[in-house]
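Data block below; observations after.
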Amino acid sequence: MPQALHAGRMEPDPTLQQALSPDDLRMFSIPVRRLADRFGVLVERDVLRGAGVDLGQWRAIFFLARDGAMRPSALALRAEIPRAQIGRSAAELERRGFVRRVVDPADRRRSLIEATEAGIALYRDLRPRVERIADEFRALYTDAEYRTLMLLIERAILRADVMLGREEPK
């Protein structure tokens, strides 16, 4: 039976159906991708499908409603949407009334994308439902374990950004 760390010691964990091989764990991206993919499938199946938006569109609405208007390049980076796809995603969300393009007051030659009232309403409707799914995963950990997990993930993301030479566009 696969084992998991409980209170500092390894114990059989009946909730684990398939343990990762040592080679999978060494590859780092395999378990991270498996978790992200499964979480995304759950969110799309249980929340987004009924709202008629996909995961990339949800992430765009999430960041625009939470953080305010931003340039398409910044939105692509934050929402993890390929730059080549951000224009199509924004156009579809704009067509549906969830976002709009506005002139960037700092550089009138550029545009920003911002959430509309409808986009903010969708965000307010969907966010608690997505959080309920996240809470299912959160419940696997003590508060201390969860804080440590989030710090470790953030450290890995920051390291990857350094390796990529990535900075958030202004």
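A few comments on the model shown:
- The C-beta contact set for segment 125-154 (first residue open to solvent by 80 Å² or more (accessible area, probe 1.4 Å), second residue acidic (Asp, Glu), distance under 9 angstrom, 6+ apart or interchain) comprises 132/46.
- Among residues of segment 72-96 that are in contact (Cβ under 8 Å) with a residue 24 or more places away in the chain and among the small types (Gly, Ala, Ser), those with a beta-carbon under 8 Å from a residue that is open to solvent by 30 Å² or more (accessible area, probe 1.4 Å) and part of a helix (DSSP H, G or I) at least six positions away or on a different chain give the pairs 73/83; 90/72.
- Of all residues making up segment 104-133, the number that are hydrophobic (A, V, I, L, M, F, W, C) and at pLDDT below 95: 1
- From the list 77, 48, the lone residue that is modelled with pLDDT under 95 and in contact with an Asp or Glu (Cβ under 7 Å, 6 or more places away or on another chain) is 77.
- Of all residues in segment 147-170 being at pLDDT 85 or above and either among the β-branched types (Val, Ile, Thr) or in contact with a helix residue (DSSP H, G or I) (Cβ under 6 Å, 6 or more places away or on another chain) (or both), the one that is nearest to residue 107 (Cα to Cα): 162
- The listed residues are 26, 66, and the only one of them that is modelled with pLDDT of 95 or more and either of a type in the set (Asp, Glu) or open to solvent by 90 Å² or more (accessible area, probe 1.4 Å) (or both) turns out to be 66.
The values are calculated or read from the model by the stated rules, or taken from the named source; none is laboratory data. Not measured: the values here are computed from a predicted model. Positions of Cβ are backbone-derived with ideal geometry, glycine not excepted, and every protein chain shown enters the neighbour counts. When the accessible area is computed, the model is the full protein with side chains, heavy atoms only, and any ligands, DNA or RNA have been set aside. Shrake-Rupley method; radii C 1.70, N 1.55, O 1.52, S 1.80 Å.
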